[in-house]
Every structure is written in C-alpha cells, then in structure tokens.
Amino acid sequence: MREIGGKKEHTSMLEEGKVEQPNKAGRRTMCWIKKKHVRVGLAETLSTFVMMVFGLGSVAQVVTGGGVFGDYLSINLGFGLGVAMGVHAGGRVSGAHMNAAVTLTMCVLGRLSWKMLPLYVAAQFLGSFIAAGTVFTLYYDAIYNYCEGNFTVIGPKATAGIFATYPAPYLSIQAGFLDQVLGTAMLLLCLMALADKRNQPAPTGGEPVAIGALVLLIGVSMGSNSGYAINPTRDLGARVFTAIAGWGLDVFRAGNSWWWVPLVAPFVGGVTGALIYRVFVELFHPKDMDRKSEHSGSSECIQLNDCKKDSTTESETC
C-alpha cells in the first residue's frame, strides 16, 4: 500500500519491484561477464573472429576476382594485419592466442593453466567458424558467380581453398607435415623472442604490429606449399563450415586426406620452436644477482615479469 495525493492505493509486490528488477538483471549479467573464464572466452573468440574475417576476406577477393583485386601478397598482408587487429581486439584480456598451437605451447611451458586449454580451443574454433560463415555470406554472390554454383574442392574453379588450406599438387604428406612443423616452430620461436624482456622484445604497445609482421613474414617465405595454416583451430573451424555450407565431405578427402596435417603438425612445431628458443637463449639469461654485478646498465638488466599460471587476473567475486 502506498499513499498518493492523500489517498491510499494498494499495490502488489510485483508492481513495487518493477523498477528494481531490470536493474538487478543488468547487474547479474554484468557480474557474469566479469567472471574470468567468460571474459577470456569472449575475448579469444572475438580476436580469432577479427583475424579470420580479414584473412579469409582477402583470399575471397583474390580468388573470386581472378587476380584483379589482389594477389598472393595481398593475402599475406590480409592475414598479417588481421592478426595485428586481433591482438588489439583481445590481447589484454585473453592474450589473443588465436591459435591452439600457441595455447598448447603456453601450457607446456607453464605460462597458462592446463584447465584453460579447452576454453581457448573452443573459443578459437568458434571464432574461426563464425568468421568463415561471415565471409561466405559477404562473398556468396561473388563465389557463386565465379564457380557458377558448383562448389568444388579441387579443380580450376575450386573455392574451398578460400576458407581452409590445401596442399599444392606436388606436395607429399610427409613434406607437408614438415612444412607445417617448421612454419609453426618459427612462429613460436619468434613469439618467444618478442615477449622476452631480457632479450630484445617488441616495444611496449607495438606487440600487435610485430606479431602481424611475423605472420606476414612466414606467409611470404613459407606459404606456397600449403597456405601456411600453422594453426589447428583456424583451419579446422573454417573446414567444418565449408563441409556444412555446400562443399561436403570432400573437404576432408582432398589432398590425400590432408585435413589432419594442419591439425596435428602445428602442435609439434609450436612446442618444438618454443623449446629451441628456451634452450638456445632463455636458459642462459644471467640470474638477477649476476646481472646486477656483471651487466649493469646493459639490456640484460631488464627485469623479467614473473610468469603466472594464468595470463589473466582474477575478476571480482560476484
């Protein structure tokens, strides 16, 4: 009961709570989003989505335009700059791995908790899948016009390669596996160097550009054999989408069942590259006490941030 203008009016409890309920619901929603796992998952999904939309979009332009709207270099630029924008999109929240090989390597090195691995992989797969769907929708008319409605995986008018990687006709499975191992090893080796505060790291704030340049460099030097997937979730997410969208199970049969190579080889290469950097460089960094006396004023005196199990901080309890 409430009094309005000197008159008493009966109101129900539900009516009294009409104003408060949306506020409470909003607070609960924000509280849920602030939880660490949710924030990390959303940021990693968005980062991967951004990278893939720019990367796949550049491939779609080149293929459907018959070379009028770009060439192989523009594809490398698209993925390189896409990676840079992806790091900007979620780097401070999830680290913007955008690559299951990177995530696994961080777990092996003890820089990320193993319990976070499924979350990162699922987010990366989802971001890749949604990005493939977005580019397919955007370029559907162009793809349909280019291949005359015949969605094929191999042949002169093949379009499945817009989304996932396939080997060149001359490439054997063994050589392709080595290609993916080496490419991913170079990726992780250089990522370790860019993040190493005791060596010559990327300048603060310049990490996205440095990482994008690294991906561009791998593309222009190691991309012709099989499209340098060097990323299991990037390749599998888009490949699954094409299987559903009209290309069928041929996306898994083509290239002597090539699909498993970019799924498995990058894991081997990522861990290998990171361990090589650790053995050749990180293990020989002077200890703190030695650096103060032996290398005072040199670049070796830069303090190395302590590595924690999780790359993200705990959010407030809701």
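Computed quantities for the displayed model
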read-out	value
Flag for V240 being more than 26 Å from T134 (Cα to Cα), aliphatic (A, V, I, L, M) and out of contact with any Pro (no Cβ under 9 Å at 6 or more places or on another chain)	no
Conditions (1) without any contact (Cβ under 8 Å) to a residue 24 or more places away in the chain; (2) at positive phi: number failed by V68	(2)
From T48, T29, residue being part of a helix (DSSP H, G or I) and modelled with pLDDT under 95	T29
Filter result for H88 (surrounded by fewer than 20 Cβ atoms within 10 Å (Cβ to Cβ) and either closer than 28 Å to C190 by Cβ or at pLDDT 95 or above (or both))	yes
The stretch 220-247, subset in contact (Cβ under 8 Å) with a residue 60 or more places away in the chain and over 23 Å from V83 (Cα atoms), residue surrounded by the fewest Cβ atoms within 10 Å (Cβ to Cβ)	G246
Any hit, the stretch 255-266, residues being under 22 Å from D141 (Cα atoms), among the aliphatic types (A, V, I, L, M) and assigned to a helix (DSSP H, G or I)	no
Residue match in the stretch 200-211 (condition: modelled with pLDDT under 95, farther than 30 Å from Y140 by Cα, among the hydroxyl-bearing types (S, T, Y) and part of a loop (DSSP other than H, G, I, E, B))	yes
Residue check, G82 farther than 20 Å from C147 by Cα and at pLDDT below 95	no
Residue in the stretch 234-246 that is within 24 Å of the chain's Cα centre (by Cα), assigned to a loop (DSSP other than H, G, I, E, B) and under 20 Å from V108 (Cβ atoms) present	no
Leading residue by the ranking (nearest to D196 (Cα to Cα)) among those in the stretch 103-125 that are of a type in the set (S, T, N, Q) and assigned to a helix (DSSP H, G or I)	T105
Filtered residues of the stretch 220-233 (kept if within 15 Å of the chain's Cα centre (by Cα) and β-branched (V, I, T))	I230, T233
The lone exception for Y139 - which of (1) surrounded by fewer than 19 Cβ atoms within 10 Å (Cβ to Cβ); (2) of a type outside the set (A, V, I, L, M, F, W, C); (3) at pLDDT 95 or above it fails	(1)
Index of the failed condition, S94 passing every other in (1) closer than 19 Å to S58 by Cβ; (2) of a type in the set (S, T, N, Q); (3) touching a residue at least 24 places away in the same chain (Cβ under 8 Å)	(1)
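Here's the yes/no breakdown for (1) within 19 Å of the chain's Cα centre (by Cα); (2) surrounded by fewer than 23 Cβ atoms within 10 Å (Cβ to Cβ); (3) among the polar types (S, T, N, Q); (4) not in a helix (DSSP H, G or I):
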| site | (1), (2), (3), (4) |
| --- | --- |
| A175 | no, yes, no, no |
| C190 | yes, yes, no, no |
| R198 | no, yes, no, yes |
| I218 | yes, yes, no, no |
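Yes or no, residue by residue, for (1) buried (at least 21 other Cβ atoms within 10 Å of the Cβ); (2) touching a residue at least 40 places away in the same chain (Cβ under 8 Å):
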site	(1), (2)
K115	no, no
A132	yes, yes
T152	no, yes
T159	yes, yes
L182	no, yes
L194	no, no
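Results for (1) more than 22 Å from R234 (Cβ to Cβ); (2) modelled with pLDDT under 95; (3) aromatic (F, W, Y), shown as yes or no for each residue.
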{"position": "A254", "(1), (2), (3)": "no, no, no"}
{"position": "P262", "(1), (2), (3)": "no, no, no"}
{"position": "V268", "(1), (2), (3)": "no, no, no"}
{"position": "R278", "(1), (2), (3)": "yes, no, no"}
{"position": "L283", "(1), (2), (3)": "yes, yes, no"}
{"position": "C301", "(1), (2), (3)": "yes, yes, no"}
{"position": "S315", "(1), (2), (3)": "yes, yes, no"}
{"position": "C318", "(1), (2), (3)": "yes, yes, no"}
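The values are calculated or read from the model by the stated rules, or taken from the named source; none is laboratory data. This is a predicted model, so every value here is computed, not measured. Heads up, the Cβs are rebuilt from the backbone with ideal geometry, glycines too, and the neighbour counts pull from every protein chain shown.
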